[in-house]
């Protein structure tokens, strides 16, 4: 299934994408037993929203060796776990207004595969994760690089409002272990990798996280970025595409200093 969350006629709803351009509304969240109900809608008649309603975003750093190399991280190549607030979410095809230069001087894109949790997950086994995952989506793990370096930990650098663009849909129709992931900056490919290059594959990541943090329905897990990260500036367009999922587009604007 390919699930979307959308705004139409003053309401935020969940639906299933039928074909490429029709949404069948659901009467509830898909992970809460939502069933088809209501008149199908054309995709171009709605505003797509982030396809998740998380209590938290649990993200992984240092999960591709090439990215570890480009960032010159020290220590063993063990994925790093960190949290992002739900207030960081940004809908697909939205504009990210950068923080003023007085707060951060370099904001980077990081294209990533993410997944949405479908039921409470604690201390689960890797072979059982299909029972706990609604599906997979595209994610831009936006990072204030200078703050990340300054702090030595990543919450402030990655948790600002709008720093978590996600979408456009979530699907269970892909193999997360073999997906081409590409990021384009103003049409130029700047990241091009495959999820098979992850140090810790998706099933092991979810199981690892669930040993320490209970995941709840709607939560988002972000799986790490490949090499090729870099800065964004006002006027830029960032597009993250993952085969079988779709294209997450974000427009970048500068914020004027007060």
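Worth a mention:
- Scanning segment 87-107 for residues that are in contact with a helix residue (DSSP H, G or I) (Cβ under 9 Å, 6 or more places away or on another chain) and crowded, with 19+ Cβ neighbours inside 10 Å yields 88, 104, 107.
- Flag if residue 246 is in the same structural domain as residue 145 (by TED's automatic domain parsing), on the phi > 0 side of the Ramachandran plot and under 15 Å from the mean Cα position of the chain (by Cα): yes
- Options 161, 151; residue that is in contact with a helix residue (DSSP H, G or I) (Cβ under 8 Å, 6 or more places away or on another chain), within 23 Å of residue 7 (Cβ to Cβ) and surrounded by fewer than 16 Cβ atoms within 10 Å (Cβ to Cβ): 161
- Top-ranked residue in segment 78-132 [being closer than 22 Å to residue 245 by Cβ and in a loop (DSSP other than H, G, I, E, B); ranked as modelled with the lowest pLDDT]: 79
The values are calculated or read from the model by the stated rules, or taken from the named source; none is laboratory data. Small disclaimer: the values here were computed from a predicted structure and weren't measured. A quick note on method: Cβ atoms are made from the backbone with ideal geometry, for glycine too, and the neighbour counts reach across all protein chains shown.
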